[in-house]
Amino acid sequence: MEQLTVAKLIELLNSPDPFVRRDAWLAAGPLGAAALRPLADLAATGELEISRAANRGMWQIVRYVGAPGREELRRPAVETLGEMVVDTRLPVQLRRDIVWMLSEIIKDEEIDQASALPLLLDADLGEDVRMALQRVAGPNAIGVLKAGFTQAQGEHKTAIACSLRKCGIAIDEPPCPKLVPRKTTTVKPVGRDA
C-alpha cells in the first residue's frame, strides 16, 4: 500500500471493495488524531459498511496511540475525542462509541469534571459515561460520579450508586438492585423447623 494519508484513507474507505476497506482501516493507527474527525464524519454519513469501516479505523487509532511509549500521540487523540463526544451533530451510537474509545486511553487527570457531569446526566449517553468513569476509577472520575449521584434520579441514581460502590465509596441508599428480592418465595431455609 502506498504512503497512507488521511485523504487517501477516506478515499480507500469509500471503496466498494470490502478488502480494500479492510486494509485501509487496519492501517489507520499511525495517522493518529488527525484522522479521527474525518473518520467520524464518514462514520456518521456513510453507507452502513463504509460507516462500519470508518468506526473500525477510529478504534485502530485509539489502540495504536494508547500503546506504551506513544504519549505524544495519545494526548491529541484524547483532546479530539473529547471534542467529538459533545458534538450533537454526530449520531448517538457513534458518540457512545467515542465514550468507550476515550475510556481506553484517557487518564484520570485529563477528565474535566465540569464537562463530564452533563454527559453523565445525559439521557442518551449517561449509562455509557457512567461505566467509562467506573472503568477509569480515579479521583476525578469518582468526583464526577459523586456529583452525578446528587443530581440523578430513579434508576440512573441507583446505577451511579453501584458504580461508586464498585470504586470503593460507601453508599447506603439506594440499595444495589441485585441484592433486592424480586419475588416472594415459599422456600424455607434448610435445617429450620417451619
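The values are calculated or read from the model by the stated rules, or taken from the named source; none is laboratory data. As the structure is a prediction and not an experimental result, all values here were calculated from the model. All Cβ positions, even for glycine, are placed from backbone atoms using ideal geometry, and neighbour counts span all protein chains on display. Protein only, heavy atoms only, side chains kept; ligands, DNA and RNA dropped before computing areas. Shrake-Rupley method; radii C 1.70, N 1.55, O 1.52, S 1.80 Å.
A quick yes/no check of all residues on (1) over 14 Å from the mean Cα position of the chain (by Cα); (2) among the acidic types (Asp, Glu); (3) surrounded by fewer than 17 Cβ atoms within 10 Å (Cβ to Cβ); (4) in a helix (DSSP H, G or I):
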residue: 54; (1), (2), (3), (4): yes, no, no, yes
residue: 58; (1), (2), (3), (4): no, no, no, yes
residue: 62; (1), (2), (3), (4): no, no, no, yes
residue: 83; (1), (2), (3), (4): no, yes, yes, yes
residue: 87; (1), (2), (3), (4): yes, yes, yes, no
residue: 93; (1), (2), (3), (4): no, no, yes, yes
residue: 97; (1), (2), (3), (4): no, yes, no, yes
residue: 124; (1), (2), (3), (4): no, yes, yes, no
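Consider residue 4 carefully, then state whether it is in contact (Cβ under 8 Å) with a residue 24 or more places away in the chain and open to solvent by less than 70 Å² (accessible area, probe 1.4 Å). It is true that residue 4 is in contact (Cβ under 8 Å) with a residue 24 or more places away in the chain and open to solvent by less than 70 Å² (accessible area, probe 1.4 Å).
Whether a residue is touching a Lys or Arg at 6+ places or on another chain (Cβ under 6 Å), touching a residue at least 24 places away in the same chain (Cβ under 8 Å) and either not assigned by TED's automatic domain parsing to the domain that holds residue 64 or not small (Gly, Ala, Ser) (or both) was assessed, and residue 105 passes this test.
Give the range 141-194 a look and list any residue that's of a type in the set (Val, Ile, Thr), open to solvent by 40 Å² or more (accessible area, probe 1.4 Å) and closer than 27 Å to residue 114 by Cα, or say none. Selection gives 150, 169.
When the range 112-122 is limited to residues that are open to solvent by 40 Å² or more (accessible area, probe 1.4 Å) and aliphatic (A, V, I, L, M), the one that is nearest to residue 161 (Cα to Cα) turns out to be 121. The C-beta contact set for the range 59-84 (first residue touching a residue at least 40 places away in the same chain (Cβ under 8 Å) and farther than 20 Å from residue 95 by Cα, second residue assigned to a helix (DSSP H, G or I) and open to solvent by less than 60 Å² (accessible area, probe 1.4 Å), distance under 9 angstrom, 6+ apart or interchain) comprises 73/32; 73/33; 73/61; 73/65.
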